[in-house]
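Peer 1: First, the structure itself, so that you have it in front of you.
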Amino acid sequence: MNILTLVRQVPDAEARVKVSGSAVDLEGTTLVIDGMDEYGVEEALRLREGGANIEMITALAIGPKRNEDALRTALAMGVDRAIHVETDEKLDAVSLSRVVAQIAQAENATLILVGGQEADWDSQALGAATAERLGWPQLTWTNELKIEGESISGRHDVDDGNESFSAPLPAVVTTQQGLNEPRYPTLPNIMKAKRKELRKDTLDTYGAANTVRVVNAEIQTRARMNRVIDGKDPQAAAEQLLDLLRNEAKVLA
Amino acid sequence: MKLIVAEHASGKLTKATLEMVAAAQNAGGEGPITLLVLGQNVAAVATEAAQYAEQVLVGDSAALAAYNPEVWAAAAAQIAQEGEASLVLIGGSRSGREYAPRVAVKLDAPYLEDATSLSVNGETVQAQRYTYLARVTETVEASAPTVIVTVKPGSFAPAAPATSTGAAAGEQYDVELELPAARTQITGRSVEKTSRVALTEADVIVTGGRGVGSPDNFATYVEGLADRIGAGVGATRAVVDAGWRPYAEQVGQTGKTVQPKAYIALGVSGAVQHLSGMGKSKFIVAINKDAEAPIFKVADYGIVGDVNQIVPALIEAAKK
């Protein structure tokens, strides 16, 4: 079977995000492979190492040139090859799923792994939309995964707790913290990765058009009061805080 | 019509559903507000729903006894199509954001995810949403005969029932649904029960970080304070990773997003991933002995001090 694992290159969590005009500007921002997607790359490798019959693991990125770095990271971690659909057009997740679904079919993928909520667009939609386009089941927020013949089983988080599941393949799985600990690429693997295939592709043939326009972006931080109380006298500090919560903020009875 | 897929638990509409009703009422645009109630034995929910909507559509069937994304998406898409819905509102819960994209694909409709505001002008729907770990607020827009929107819990004041004013309750109709068989088998289920109020519904949340010191301290201080003031209990990723607390309590990018009136962070340093899950709280309180902790930058009230000393004093003072 073939696994397709999706990656994005996103700002490092601690990096400053800035807005120019009415759009986010990533110029000069430190970018890294999205941590949520990295769990998917790692899981594909572990499924193979665990004995599942996996012919090909392909990392796929759709987006601007910077995504090449995320694909290089995935190759250095151990995926077999990479595909980069390079575009500066900012596609929404549902439009993007059109491209992913077509590539999954062309690549004969049986399992698609994608991060549960990426750190750039804060969306959880790509996995579900791709599953619907392919007519496949989906398992979201997965933190345990096994392949057993023609099906997968595992555990995932739901609204009020978690569930154990089993589902037929092919399927889409969205990944998250707890699934695994992603490995660091070793130097030999980084060297090896340079010889692996990174196929370039364009958006033209996929018929994907953005349906959601971003009309404005703002860094909105609520003005905070930053009233800091010295805790040297715990009794006095506690009483002062309680008084503020009750009488100034009016959030406690 | 403006179609709202009701979320309900234990035979009652959730607060998130009443928030969606308010969002639909205030958004502008045409058409009656319609609540779709899906499940098994949901008559009581449908009756309650009739107090909030002009019409209530009820899909009551054994096939809907348990939530499944493929089945829910099929039901919502069918009703949206038959009713020529201009707007389909789905809860921004984990399950809502799981099946809403499938509805969008089925209807070839644009999808605005996790909206914190909503306005409709003809066929154009505009919403705001957070991006980049909730550090950026984006205004997004889509134009189509039908637009699918998930509404972020906590973003709208819940709607009040209409019937108290003597207005007629919404009419109820049973609907026939063509549902696919669920392919995913649920082989086990662990509901993380708590006697406390659910995190996403809580007005006040007390959260503990590694700075609390130990699982025992977490129980004494975080749970102790929460119980004293009737709050929900949250935890940081570090605490969950260390195995002190269940994942269900985790607040942040990989956990729950919360927006309470007051968020009280005990021994929490304030990593960006954590702030993305709680940074929109109305009031943020930080208690931490490290005066340099980033959490103080986003706090309204802070105490620089040891949780072990401050919290017992706080619990004591709260009794008065």
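The values are calculated or read from the model by the stated rules, or taken from the named source; none is laboratory data. The shown structure was predicted, so the numbers you read here are calculated from the model rather than taken from an experiment. We place every Cβ from the backbone using ideal geometry, glycine too, and count neighbours over all the protein chains shown. Surface areas here come from the heavy atoms of the whole protein model, side chains and all, with no ligands, DNA or RNA. Shrake-Rupley method; radii C 1.70, N 1.55, O 1.52, S 1.80 Å.
Peer 1: Which ones in the range A:134-146 are assigned to a strand (DSSP E or B) and open to solvent by less than 40 Å² (accessible area, probe 1.4 Å)?
Peer 2: A:GLN138, A:LEU139, A:THR140, A:TRP141, A:THR142, A:ASN143, A:LEU145
Peer 1: Restricting to the range A:187-211, count the residues that are touching a residue at least 12 places away in the same chain (Cβ under 8 Å), surrounded by fewer than 17 Cβ atoms within 10 Å (Cβ to Cβ) and more than 23 Å from A:ARG66 (Cβ to Cβ).
Peer 2: So the answer is 1.
Peer 1: In addition: Residue under question is A:VAL251, and the condition is that it be farther than 30 Å from A:LEU4 by Cα, buried (at least 18 other Cβ atoms within 10 Å of the Cβ) and either touching a helix residue (DSSP H, G or I) at 6+ places or on another chain (Cβ under 7 Å) or at the interface with another protein chain (Cβ under 7 Å from one of its Cβ atoms) (or both); does it hold? Before the answer, list the steps.
Peer 2: Details: farther than 30 Å from A:LEU4 by Cα: yes; buried (at least 18 other Cβ atoms within 10 Å of the Cβ): yes; either touching a helix residue (DSSP H, G or I) at 6+ places or on another chain (Cβ under 7 Å) or at the interface with another protein chain (Cβ under 7 Å from one of its Cβ atoms) (or both): yes.
The answer is yes for A:VAL251.
Peer 1: Just the residues that are farther than 24 Å from A:THR140 by Cα, in contact with a strand residue (DSSP E or B) (Cβ under 7 Å, 6 or more places away or on another chain) and among the small types (Gly, Ala, Ser), please, taken from the range B:81-122. Reasoning before the result, please.
Peer 2: From the range B:81-122, those farther than 24 Å from A:THR140 by Cα are B:81-87, B:117-122; that's our starting set.
The next check asks that each one be in contact with a strand residue (DSSP E or B) (Cβ under 7 Å, 6 or more places away or on another chain); those that pass are B:83, B:85-87, B:117-120.
Listed by number, the residues that qualify are B:GLY83, B:ALA85, B:SER86, B:SER117, B:SER119.
Peer 1: Also, quick follow-up: Check off (1) over 18 Å from the mean Cα position of the chain (by Cα); (2) open to solvent by 40 Å² or more (accessible area, probe 1.4 Å); (3) in contact (Cβ under 8 Å) with a residue 60 or more places away in the chain for B:VAL58 and give me the number that stays unchecked.
Peer 2: (2)
Peer 1: Which residues, taken from the range B:10-28, are in contact (Cβ under 8 Å) with a residue 40 or more places away in the chain, out of contact with any Gly (no Cβ under 8 Å at 6 or more places or on another chain) and not polar (S, T, N, Q)?
Peer 2: Hits for the range B:10-28 are B:LYS15, B:LEU18, B:VAL21, B:ALA22, B:ALA23, B:ALA24, B:ALA27, B:GLY28.
Peer 1: Continuing with this model, one more query. Conditions first: (1) loosely packed, with under 14 Cβ neighbours inside 10 Å; (2) in contact with an Asp or Glu (Cβ under 9 Å, 6 or more places away or on another chain); (3) at pLDDT 95 or above. B:GLU171 passes all but one, so which condition is the exception?
Peer 2: (3)
Peer 1: Could you tell me whether the range A:42-58 includes any residue that is in a loop (DSSP other than H, G, I, E, B) and within 14 Å of chain B (Cβ to nearest Cβ)?
Peer 2: No, the conditions are met nowhere in the range A:42-58.
Peer 1: Tell me which residues, restricted to the range A:75-126, are without any contact (Cβ under 8 Å) to a residue 60 or more places away in the chain, facing another protein chain (nearest Cβ under 8 Å) and assigned to a loop (DSSP other than H, G, I, E, B).
Peer 2: The answer is A:TRP121, A:ASP122, A:SER123, A:GLN124.
Peer 1: Could you tell me whether A:ILE219 is within 14 Å of chain B (Cβ to nearest Cβ) and in contact with a Leu (Cβ under 8 Å, 6 or more places away or on another chain)?
Peer 2: no
Peer 1: Let me ask another. What pairs come out if I take residues in the range B:177-192 that are closer than 14 Å to A:ASP157 by Cβ and in contact (Cβ under 8 Å) with a residue 12 or more places away in the chain and pair them with residues that are of a type in the set (D, E, K, R) and open to solvent by less than 50 Å² (accessible area, probe 1.4 Å) whose C-beta lies under 6 Å away, six or more apart or interchain?
Peer 2: Going by the 6 Å Cβ cut-off, the qualifying pairs are B:ILE186/A:GLU163.
Peer 1: Take the residues in the range A:165-177 that are open to solvent by 10 Å² or more (accessible area, probe 1.4 Å) and over 14 Å from the mean Cα position of the chain (by Cα); name whichever of them is nearest to B:GLY255 (Cα to Cα).
Peer 2: Restricting to residues being open to solvent by 10 Å² or more (accessible area, probe 1.4 Å) and over 14 Å from the mean Cα position of the chain (by Cα), the top hit is A:SER166.
Peer 1: Tally time: how many residues in the range B:67-124 are facing another protein chain (nearest Cβ under 10 Å) and either open to solvent by 30 Å² or more (accessible area, probe 1.4 Å) or more than 28 Å from A:GLU163 (Cα to Cα) (or both)?
Peer 2: Of the residues in the range B:67-124, 7 are facing another protein chain (nearest Cβ under 10 Å) and either open to solvent by 30 Å² or more (accessible area, probe 1.4 Å) or more than 28 Å from A:GLU163 (Cα to Cα) (or both).
Peer 1: Would you check if A:ASP34 is away from chain B (no Cβ under 14 Å) and closer than 28 Å to B:VAL140 by Cβ?
Peer 2: no
Peer 1: For the range B:249-288, what are the residues that are free of Cβ contacts under 8 Å to residues at least 24 places away in the same chain and farther than 25 Å from B:SER95 by Cβ?
Peer 2: Result: B:LYS282, B:PHE283, B:ILE284, B:VAL285, B:ALA286.
Peer 1: Shifting gears a bit: Within the range A:153-163, is there a residue that is more than 7 Å from chain B (Cβ to nearest Cβ) and surrounded by fewer than 18 Cβ atoms within 10 Å (Cβ to Cβ)? Reasoning before the result, please.
Peer 2: Taking the range A:153-163 as the starting set, the residues that turn out to be more than 7 Å from chain B (Cβ to nearest Cβ) are A:153-156.
Remaining after also requiring surrounded by fewer than 18 Cβ atoms within 10 Å (Cβ to Cβ): A:153.
Yes - at least one qualifying residue is present in the range A:153-163.
Peer 1: Given the range B:164-264, what strands (runs of 3 or more DSSP E) lie entirely inside it while holding 1 or more residues that are in contact with a Leu (Cβ under 8 Å, 6 or more places away or on another chain)? It would help to see each step written out before you state the result.
Peer 2: Details: elements: B:171-174, B:185-191, B:204-208, B:232-235.
The strands (runs of 3 or more DSSP E) meeting that bar are B:171-174, B:204-208, B:232-235.
Peer 1: Taking the range B:299-320 as the region of interest, how many residues are at the interface with chain A (Cβ under 7 Å from one of its Cβ atoms), in contact with a strand residue (DSSP E or B) (Cβ under 7 Å, 6 or more places away or on another chain) and either among the polar types (S, T, N, Q) or crowded, with 21+ Cβ neighbours inside 10 Å (or both)?
Peer 2: Qualifying residue count for the region: 7.
Peer 1: Now, a different point. Anything in the range B:214-224 that is buried (at least 24 other Cβ atoms within 10 Å of the Cβ) and of a type in the set (A, V, I, L, M)? List them, or say none.
Peer 2: Matches in the range B:214-224: B:VAL222 only.
Peer 1: Looking at the range B:238-248, can you tell me whether even one residue there is farther than 19 Å from B:PHE218 by Cα and either open to solvent by less than 10 Å² (accessible area, probe 1.4 Å) or in contact (Cβ under 8 Å) with a residue 24 or more places away in the chain (or both)?
Peer 2: no
Peer 1: I want to confirm something. Restricting to the range B:265-293 and keeping residues that are open to solvent by less than 50 Å² (accessible area, probe 1.4 Å) and part of a loop (DSSP other than H, G, I, E, B), which single residue is farthest from the other protein chains (Cβ to nearest Cβ)?
Peer 2: B:VAL268
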